Every structure is written in C-alpha cells, then in structure tokens.
1. Would you please name the residue that is farthest from the other protein chains (Cβ to nearest Cβ), looking only at residues in region A:71-85 that are under 12 Å from B:Asp298 (Cα atoms) and in contact (Cβ under 8 Å) with a residue 24 or more places away in the chain?
2. Does A:Leu103 satisfy the criteria of being out of contact with any Cys (no Cβ under 8 Å at 6 or more places or on another chain), over 25 Å from A:Glu49 (Cα atoms), within 14 Å of another protein chain (Cβ to nearest Cβ) and touching a residue at least 12 places away in the same chain (Cβ under 8 Å)?
3. For the list (1) within 13 Å of chain B (Cβ to nearest Cβ); (2) over 17 Å from the mean Cα position of the chain (by Cα); (3) among the small types (Gly, Ala, Ser), I need the number of the one condition that A:Gly140 fails.
4. Across region A:49-76, what is the total count of residues that are in contact with a strand residue (DSSP E or B) (Cβ under 9 Å, 6 or more places away or on another chain) and surrounded by fewer than 20 Cβ atoms within 10 Å (Cβ to Cβ)?
5. Filter region B:322-373 down to the residues that are open to solvent by less than 10 Å² (accessible area, probe 1.4 Å) and modelled with pLDDT under 95 and list them by number.
6. For region A:217-315, give me every one of the strands (runs of 3 or more DSSP E) that falls completely inside it and has 2 or more residues that are surrounded by fewer than 18 Cβ atoms within 10 Å (Cβ to Cβ) and away from every other protein chain (no Cβ under 14 Å).
7. On the given criteria, is A:Arg89 open to solvent by 40 Å² or more (accessible area, probe 1.4 Å), away from every other protein chain (no Cβ under 13 Å), under 21 Å from A:Asn137 (Cβ atoms) and touching a residue at least 12 places away in the same chain (Cβ under 8 Å)?
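The values are calculated or read from the model by the stated rules, or taken from the named source; none is laboratory data. These numbers come from a predicted model, not from an experiment. Cβ atoms come from the backbone with ideal geometry, glycine included; neighbour counts cover every protein chain shown. For accessibility, only protein heavy atoms count, side chains too; no ligands or nucleic acids. Shrake-Rupley method; radii C 1.70, N 1.55, O 1.52, S 1.80 Å.
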Protein chains: 2
Amino acid sequence: MAAIKFELIKTCKQSGARLGKLYTPHGVIETPIFMPVGTQATVKAMTPEALKEINSQIILSNTYHLYMRPGHKLVEKAGGLHKFMNWDRPILTDSGGFQVFSLGPLRKITEEGVEFRSHLDGSKHFISPEKATEIQNSLGSDIMMVFDECAPYPADRDYVKNSLERTTRWAKRCKDAHKNPDRQALFGIVQGGMYKDLREQSAREIMEIDFPGYAIGGLSVGEPKHLMYEVLDYTTPLLPKDKPRYLMGVGSPDDLLEGVIRGVDMFDCVLPTRIARNGTAMTSQGKVVVRNAKYAEDFTPLDPECDCYTCKNYTRAYIRHLVKANEILGSTLITHHNLYFLLKLMENVRKAIMEDRLLDYKKEFFQKYGYEI
Amino acid sequence: MAAIKFELIKTCKQSGARLGKLYTPHGVIETPIFMPVGTQATVKAMTPEALKEINSQIILSNTYHLYMRPGHKLVEKAGGLHKFMNWDRPILTDSGGFQVFSLGPLRKITEEGVEFRSHLDGSKHFISPEKATEIQNSLGSDIMMVFDECAPYPADRDYVKNSLERTTRWAKRCKDAHKNPDRQALFGIVQGGMYKDLREQSAREIMEIDFPGYAIGGLSVGEPKHLMYEVLDYTTPLLPKDKPRYLMGVGSPDDLLEGVIRGVDMFDCVLPTRIARNGTAMTSQGKVVVRNAKYAEDFTPLDPECDCYTCKNYTRAYIRHLVKANEILGSTLITHHNLYFLLKLMENVRKAIMEDRLLDYKKEFFQKYGYEI
C-alpha cells in the first residue's frame, strides 16, 4: 500500500488553484499548505504545542543537518524523528542535496554522489542518492525527497541539461534504494532551470519513474520573481493532477499566493522564522521591523488584525524591548506570529478556493499588504 | 490599607520552618516560596503561560535593568510592569542597589546615592533612595525593596557598620518617598555582614522604621555556606513573626532547605534559569550536565522522577542535541524543568512543614540529591 494518498477536492474557477487533502501516516493535511521549517529537529523558538496551537499541519526538517548532528542512526535509535522531537504530525524531509550543493568549494560532485566537508568540524563526508535515501529511511519522515542537483541561477543551458539528467538518474537510484515505500512517500523533483524545454524534459523523465508526489526545484534561487512565476506557468501543467505538487523554498506571502494560483499545493521556507529572530514581523499591512525606534512607545499589537497569541497579549513596545535586550521571548513571540500569519493566509487561501474567488482574495490581500501587483 | 497581609499558618515542630500565606494585590502566595527571576521583564526562555503551568506564584524583576532599558517611564506608560509583560500574578522588584554596587569602578557612592555608568552605553546615571522608590512606583510591583548597600565579603567591621547605618538612613528615605503604600508593599533590608552585633543593630534600626516585610541582605555574596547558615541562625529570630522574611539571591536546593529551616519565607535566584541555558539540569539525583557526551544516546528524561512537561516529553539525548546545536528550545526545556524542580521542592517543603517533618524530608531529599549533610 502507498504511504500517502492525495485527494483533489476542487479547482478554483477564478484561477488554477487546487484544494486538496493529503493523507499521510501521521494525519491528513489540507492543501494548499505552508510547512514551517525545523532544520535541526526543532522549529526555532517554538515548542510542538505552540506549533499545534497555530495549526501547523506538517513541518519540514533537514536531512543534511540531522545527518551531521546528531546523526540519523541516533535518531533511528530514538525511535525516529517524530518521537525524538515530540512531534506526532506529518514531517517532510528534504534530501540534503540543496544544503550540500550550497557548501560551494567544500563539495565535489561526481556521478556517484557528492563529497563534502562538514560545516561543523570540516570532517569529510559523502552523500549519494542511496545514502540520502538511507538517512531519510532512518529518520522516518512521512514524505522524503529524492537527492537532486539544484542548478544555480544564472546557469547556462548545457549545465542545466546535464544537471537535470543526472537528477533523473539519481531519482531512479533513490527510488530503488527506498526501503519503506509503504510508510514513507518519496517525491520526485523536477529541475530544468529557467528553460522551458528542459523543464519539459525533466518532468517527463521524473514522471516516467513514477512518484507519489512531485516537487518543483531550482526556483527561488535568486532569479527575478516574474521568471519564477513564468516557469511555474509552464511547469505545473506538466504534472499529474492526482498527485501533490511542492514548490521548494518559497514562503513570502506574494510567492505563496502566486504559487497557489499556478496550481502548487505545498510550500516551505525559513523566511518567517528567520526574520522573526531578527525582529521583523509579517503583518496584514506588510513588514513591521519592530526593533526600529519608532515602535518604542507603540502599545498596539504587531498586527492589529491578527488574533494570534502574540497579538492578543503583547505590544510592539514590549516585543521591541525583548528584541533589543536579546531576550529569547522576543524570538518566540515574533516567530509564533509570523508562522500564524502564513498559516492563516493559507487557511484563507483554501477558503477562497472553495468559494472560487482566489483572485479576488489576492487583490484584497495585496491592497492591505502594500505590494504592487 | 496595607498593600499586603501575611498570615502565619504554622511553624514546623521539627524545625523553625514557617508555613504562611502572603496576600498581595495580584493574588495569594503560599510560603515558603522560590521566585523565578525575570531580570528584563521576562523570565528567560519562558512564556507567562509556561510559568503558570509550573505554578510560579510570584516572579522577581530587576529595577536597575528596567530603569536602563526600556526605562521605567515607558513601563508606566504601558500600564505598569504586569501589563507590559503580560503577567497578572505578583511581582517583586529589587531596588537596583545590588546591581549598581556590582558595577565596581563604574560607580561612586555618596550619602546622597550612587553615581554610575550604564553597562549598556556608558551613559552617566544617579540613583538615590528616592529615585529607586520612584522607579519601583512606576513599575507598579506588588513588593518593592528599599535601596540598600550590600557589603561585599569579606569586609571589615568598620566598613560594614558604616554601610548598614547608611542603609538604615536610606531605608527611611525610601519609606518617605514611597507614593503607593496601599498598593505596593515596601520591604526593609537587614544588613550587617557576618557580624552578629551588626546584624542585631541593623535589624533593630530597620524594624524601628517599620516595614510590612523584611529581607536579609548581604548573604550569598561569596561567603562559605556554613557562615551564611550561621548568620541566618541568629538573624531570623530577630525579625517579627508576623511579617514575611525574604533571603535575597539564594536558590540552590540545599540553601533553600537550610533557609526555610531557619525561618525564611521567600527566596529568589538566577541559578536555575542561568545553568539551564548552559545545559545543566537540577534533578532529584543532583546536577545533570546534559551537554556531556555520555548523554548522547540516553533516551531517558532529564529527571526520571519528574513529571514536568520537559521530562514527560523529551529525552536527554534530544535535549543534548538541542543544546549542542544552540537551539532555543534547549534553553526553554531545561529552564522549564529547573524552575519546576525548585517550585516542586518548595511545594514538598510546605507539605513537610504542614506534617511537622521538614528535617526528615531534608534528609530524604539529600540522600538522593547526593549532597553531604
């Protein structure tokens, strides 16, 4: 039996947006969904209970980081990642590919895999498609990702073509190495950079291998936003309607909305948690850099329209004080709010799809949020 | 009407320990009690809800730090410290004296007060007894402390005598400057170093001024433990039975027990929260330095006898991983446990006093905890 099942409930009549349900071994996820990132087996500054309070349906964790520390074998001994980190809802793990490729001069790519040095202690390691699969099997995530090569932007056509073809060969090896297809779903990843024919080639090759879900990789890597939307415009229609689609590394409100409109079901990004720890809140009126002096005596909530724990109980003045004083609670309160903000946005998006008015909703949202559209 | 009322419920027949109730404008505190420290208007790594979950009845906050940042006038504008930090239970503020005297070469003491430079930006400030009182009036704490001079250890008799006499004169000035005696209780502080006759002199002078509660200052400043216990032995009997007694800056389990046995009702210390952030847990078997390698694959709780949130849900292996990875959740989980451990200890102490068996309880506790007694 397959580990997951995707049910397409409806498609928005105003846009290409899809409303769905993804059944996983650790519960059902309503899509489209944003996944908070818990890089090192914890979503920074949040307890699992706080994540549930804001209705996080699924979180993402990073294979590279957990392989480096504490090690996948230790997590396996602990009873798997869910038990280790006290999270009983679904978990998606990436393949480690993106992190390893980001190491730059510290890594060397061959057909067999990637040799690299640890960012922690400089020790030498090797991750192959088989190894990335083994690690994720040990972690026990509900959704695993194939070990792919994410081409940088800009990159010339030949580089991207070679890279996507290797990604195809690696995807096949990951599928062959996967030990628990009945308990963990392995997603394929479509690469191809900003080249339409290469995206078509990649989608065709990856779909031939056949996966229970497909990610679109190689976007949000520095290209202009319009280019990302253009790639999505021609890539999502290539993917099967009855499988979930995941746009990796995307999490700004505008990108989430544009992605959903183009038929994407799942997203993840460190953005909301990372900017929180720098003292920046995402609000219905746009970003609020609460560490700024102008908020020193502002006794209103981070977002006056928000009903999250942070906004119900704390003022900008207090949160600014915490941020200035380097207090942990500052990171906790803004992280809580930012994740709530994105999860609430996705809830509103699902509602708008149900009502066939996602384009109207997008317009309303951006009018307040202050983006040009 | 007085801001607080102290009810002495009973005295342990095995020891001098007292069971009491302290009625404050923000609720009733069962004594003896340990007060978690929220230096900068937050108990580090804890939300107010988490503090309530572990039954924190009262917290302490620091006048010096809040005066420096964000400023007492800002806190007053926010509606007072309770509202500012979202804490509706009692708060005790110190006077800032201890912090200012700790600045060493950055401060200059005169009869009028203390001139010092900020630890944040080097700016020049002056705190007098009147100023310390004004700041605490602005903060709106339930219990305020007089601005005293805490003599260092060791200190010669003349220094200590001069210092305690100034503390008496300053205590009088604080009482005179206090604007809200019906809403905020101002406690006197007995000084006198390690000299019995000076402790007697200080107690007599401070009690003559008449305060609703008395602290014992100048202990836990580097002297050997037996000396602290000796000073308590002859100091607490000098204090009135019908007023609460507060031993400042004390928070190790042995000192708490020895203090209670000698008739102390209230304690505070940064110890449990500070060592938590360094990866050290207080447990029924003594300290556990969870960052140590030997806990890497220890899948038991921090304290197998503990039923706190941390111990019910997380292993030493996971917490060690968080600490090693500098994850905020590591600080949060250990802080939660350490505070729970001390608050639970005080709950057990109250129970043992009620049952006239505190010395038996002390023996049982230390047999496990591993201290020499």
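1. Applying the filter and picking the extreme gives A:Val75.
2. no
3. Checking A:Gly140 against (1) within 13 Å of chain B (Cβ to nearest Cβ); (2) over 17 Å from the mean Cα position of the chain (by Cα); (3) among the small types (Gly, Ala, Ser), the one that fails is (1).
4. 0
5. B:Phe366
6. Those strands (runs of 3 or more DSSP E) span A:286-289.
7. Yes: the conditions hold for A:Arg89.
The rows are residues; the columns are (1) within 27 Å of B:Glu230 (Cβ to Cβ); (2) assigned to a loop (DSSP other than H, G, I, E, B); (3) modelled with pLDDT of 95 or more; (4) among the β-branched types (Val, Ile, Thr).
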{"site": "B:Ala151", "(1), (2), (3), (4)": "yes, yes, no, no"}
{"site": "B:Tyr159", "(1), (2), (3), (4)": "yes, no, yes, no"}
{"site": "B:Ser163", "(1), (2), (3), (4)": "yes, no, yes, no"}
{"site": "B:Phe187", "(1), (2), (3), (4)": "yes, no, yes, no"}
{"site": "B:Leu198", "(1), (2), (3), (4)": "yes, no, yes, no"}
{"site": "B:Ser202", "(1), (2), (3), (4)": "yes, no, yes, no"}
{"site": "B:Phe211", "(1), (2), (3), (4)": "yes, yes, yes, no"}
